[in-house]
Amino acid sequence: MEELSSRDKVLKAGEFLKVSPPGEIDDVFNDIRGLVNDDLTLQQEIGPILSECNTSQFHSTTLPDSDSQVILTKYNQLNDSEFIDFQTGMKFSFDHLRMKTSDAIDYNEHLGEDEFRDELYTQGEEYLSEHFVGGKLGVFPINKELFPIYSESPDTIEAQEGYVICIINNKYSPENFYNGRWQATWVFDSATNTLTGHLKINIHYYEDGNVQLNVEKKVVEQIEDSSSDLQQLSVNVFTAIKKLEKQIQLSINENYQTLSESTFKDLRRKLPLTRSKIDWLKIANYNIGEQLGNINH
């Protein structure tokens, strides 16, 4: 069999990066580096793969000379390396290999004022402070002329006008052998007042084993029209988000209960008919036939 080129190795191994558990992408990358054993080719080819990983997993970064945090998504990405932070009105570059931002410039003249986006962001921050301490938020207007995602993948979002709300909360605890992520993408269609949500929950537990929980859920909710009062409309949007995310959380809890009470119990090895464990070191001393015969008496 012909050996793969270094480039093919990077592209194939890169698929593992895309499905790496929360907080473990560096570990997977280092493993890939050892497998490829060609740092030059790795640096040349890995960029688009890392870009896809960072945007699909809502990686957060800090702008240069600032404490402002921004999440990287397809909905604020101009190209592989350039993004917009709508909260500060800055355009910046991001090196996906070195995980650093640079070249931040004022981009407000291209964005303009957006009162409703600001109201949504305010409500979103309140929601995160109550339910996702340490979580990150992004609110992005749907701009099909500015962002390539809408032309490259036109079916990604059906709404012609509106906003994309991205919520990400990671919990990393490698010292306790688990990592987790709650990730939600909400699309508010301004024309129909429809809210569509796509939630992903991923938990990896790896002490003395390897167990992963992966949940994906899509939901739709009609929002009460309050277009004359943008603040109230933003409240209505996040009231719906709070309700729907709570329902999903409760549903997961119920499934956990079912797993504990039935599924996992069925996976356990049953006791023998005598209802007692066998001492395998004394198996030669057992009178198996006699003991089984006594069961019916």
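Any read-out appearing in this document is the output of simple, stated calculations on the displayed coordinates, not a laboratory observation. In this text, all values refer to a predicted model and were calculated from it rather than measured experimentally. Cβ: placed from backbone, ideal geometry, glycine included. Neighbour counts: every protein chain shown.
Some values worked out for this structure:
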{"read-out": "The range 242-255 - phi-based ³J(HN,Hα) in whole Hz, Karplus 6.51/-1.76/1.60, Gly and Pro as x", "value": "4, 5, 5, 5, 5, 4, 5, 4, 5, 5, 5, 4, 5, 5"}
{"read-out": "Positive-pole candidate from Thr194, Gln69, Ser20, dipole of the chain, charges at beta carbon", "value": "Ser20"}
{"read-out": "Karplus-derived HN-Hα couplings along the range 30-47 (A = 6.51, B = -1.76, C = 1.60, θ = phi - 60°), whole Hz, x at Gly and Pro", "value": "5, 5, 5, 4, x, 5, 6, 6, 8, 4, 5, 5, 4, 5, 6, 9, 7, x"}
{"read-out": "GluC sites (Glu not before Pro) within the range 1-73, DSSP loop, no more than 16 other Cβ atoms inside 10 Å", "value": "Glu2, Glu3, Glu24"}
{"read-out": "Placed amide H near His96: partners under 5 Å, 5+ positions off or other chain", "value": "none"}
{"read-out": "Gain upon complete extension [Val19, Glu207; 0.36 nm per residue less C-alpha separation]", "value": "65.7 nm"}
{"read-out": "Positive minus negative residues near Pro174 (Lys, Arg vs Asp, Glu; Cβ under 10 Å)", "value": "-3"}
{"read-out": "Check: the chain dipole with +1 on Lys, Arg Cβ and -1 on Asp, Glu Cβ, in debye", "value": "1980"}
{"read-out": "Packing-based ranking, highest mean first, of 108-120, 67-79 given that Cβ atoms within 10 Å are counted", "value": "67-79, 108-120"}
{"read-out": "Label point distance in nm, Glu82-Ser5, each placed 7 Å from Cα along Cα→Cβ", "value": "3.0"}
{"read-out": "Rounded to whole Hz, the Karplus (6.51, -1.76, 1.60) HN-Hα couplings of the range 167-179, x for glycine and proline", "value": "10, 9, 9, 10, 10, 10, 9, x, 5, 10, 6, 8, 9"}
{"read-out": "Rounded if a/c under 1.5, otherwise prolate or oblate - the chain, Cα gyration tensor axes", "value": "oblate"}
{"read-out": "Positive-pole candidate from Gln183, Gln247, Ser262, dipole of the range 171-268, charges at beta carbon", "value": "Ser262"}
{"read-out": "Charge dipole (debye, nearest 20) of the range 108-178; +1 at Cβ of Lys and Arg, -1 at Cβ of Asp and Glu", "value": "420"}
{"read-out": "Ellipticity estimate at 222 nm from DSSP helix runs (n ≥ 4, -39,500 (n - 2.57)) divided over the chain, nearest 500", "value": "-10500 deg cm²/dmol"}
{"read-out": "Rounded, prolate or oblate (a/c below 1.5 giving rounded, otherwise prolate when a/b exceeds b/c) for the range 16-94 by Cα gyration tensor", "value": "prolate"}
{"read-out": "Nonlocal amide H pairs with Gly162, under 5 Å, H built at 1.01 Å", "value": "Ile142, Ser190"}
{"read-out": "Summed residue charge, Cβ within 14 Å of Val133's Cβ, Lys/Arg positive, Asp/Glu negative", "value": "-1"}
